[in-house]
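The values are calculated or read from the model by the stated rules, or taken from the named source; none is laboratory data. The structure displayed is predicted, hence computed values, not measured ones. Every residue, glycine as well, gets a Cβ built from its backbone with ideal geometry; the counts of neighbours run over all protein chains shown.
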Amino acid sequence: MFDLRQIQYFEAVYRLRSFSQAADEMHLTHAALTKSIKTLEHKWDVQLFHRTTRRVSPTAAGHRLYEKVPLFLAEAEALRQTAMREQHHIRLMCGPVVLDTLVHPALLALREKYPDSRVSAETKPPLEALEDIVERRADLMLIHANTLKALPYGDRLEVTPVVDEAYAVVCRRGHEVLSGTRQLADIIPHDWAIAGFDMFFEQTLPDDLGADLQAHDFPKYRLLSQTACLDMVRQSDVLTLVPQRSAAQLDGHGDVESFAFPGPLRFSVCAARLKTRGDKNQESEMLDAFISALNKN
């Protein structure tokens, strides 16, 4: 094994052909630099320089080593830059409704506090997303509380509730469902387009509601975009389900209407990450700030 700094010192001595000049460039004493090179030679059991009172010249081994050094140092610097970027990088897993609804307002708040932060958000099936969290390929998962209950590894996760609000049904203005009772028996038989309605979520539904939805093969369309669902609603008699905050943003748009979903479903989202040990670092502080921003929106 060796210290990267020893290779940097070797490069300076080789390039300058002088221990004194290399020590000045590296901001070291002559003795410290000489000791570092001798330590490297001892570890590798090889002589890298011929030393006299007047000159320093590389040995054959020194010449051969230097052929590899520039590329090695360039790769080491690239790794350092990558590590620095990753230190400010949040890798996020979430469903399409969460992505369309909660993430971007929180990103703007995070940007104010951590202007160098980077966030990558990806949508995957819940079990795949959880495996990415457990294997440390991702940092944070935003997931419906019902879905999380049906997944494994719960004891390894730190879970923070983020939002809990009602769902709203959205339909095209003038839709026949608006003139009915707007109860489950009245609205479920229609065609629905739902973003991110996964099997784990279905498993946690109350028995009566789950049986009713299954009997009508709900939903007819499962999409990975809340925006796409709303676009279908605007152009057809399809219904969709969105969080109350999304429905509020649609108020005033003349092409759609919304009303409270009459069933026992809520938009309950939590943030899940691996439990940490020890003191907080900058990465965990950034995650805390991001989760806090989610709670405020």
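Summary of values
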quantity: Residue ranges of strands (runs of 3 or more DSSP E) in region 140-199 with at least 2 members touching a residue at least 60 places away in the same chain (Cβ under 8 Å) and farther than 18 Å from Arg245 by Cβ; calculated: 140-144, 157-172
quantity: Index of the failed condition, Leu127 passing every other in (1) of a type outside the set (D, E, K, R); (2) within 14 Å of the chain's Cα centre (by Cα); (3) in a helix (DSSP H, G or I); calculated: (2)
quantity: Region 107-124: number of residues that are in a loop (DSSP other than H, G, I, E, B), within 30 Å of Glu202 (Cα to Cα) and of a type outside the set (Lys, Arg); calculated: 1
quantity: Residue match in region 45-60 (condition: modelled with pLDDT of 90 or more and part of a helix (DSSP H, G or I)); calculated: yes
quantity: Single match in Gln203, Gln235 (criterion: loosely packed, with under 14 Cβ neighbours inside 10 Å, more than 29 Å from Leu287 (Cα to Cα) and modelled with pLDDT of 90 or more); calculated: Gln235
quantity: Any hit, region 174-185, residues being in the same structural domain as Lys220 (by TED's automatic domain parsing), within 22 Å of Gln235 (Cβ to Cβ), touching a helix residue (DSSP H, G or I) at 6+ places or on another chain (Cβ under 6 Å) and not polar (S, T, N, Q); calculated: yes
quantity: Matching residues, region 1-32, being in a helix (DSSP H, G or I), in contact (Cβ under 8 Å) with a residue 24 or more places away in the chain and under 43 Å from the mean Cα position of the chain (by Cα); calculated: Leu4, Arg5, Gln6, Ile7, Gln8, Tyr9, Phe10, Glu11
quantity: Residue that is farthest from Gln249 (Cα to Cα), among those in region 169-189 that are out of contact with any Cys (no Cβ under 6 Å at 6 or more places or on another chain) and crowded, with 18+ Cβ neighbours inside 10 Å; calculated: Ile188
quantity: Any hit, region 218-226, residues being crowded, with 17+ Cβ neighbours inside 10 Å, modelled with pLDDT under 90, within 25 Å of Asp164 (Cβ to Cβ) and in contact with a His (Cβ under 9 Å, 6 or more places away or on another chain); calculated: no
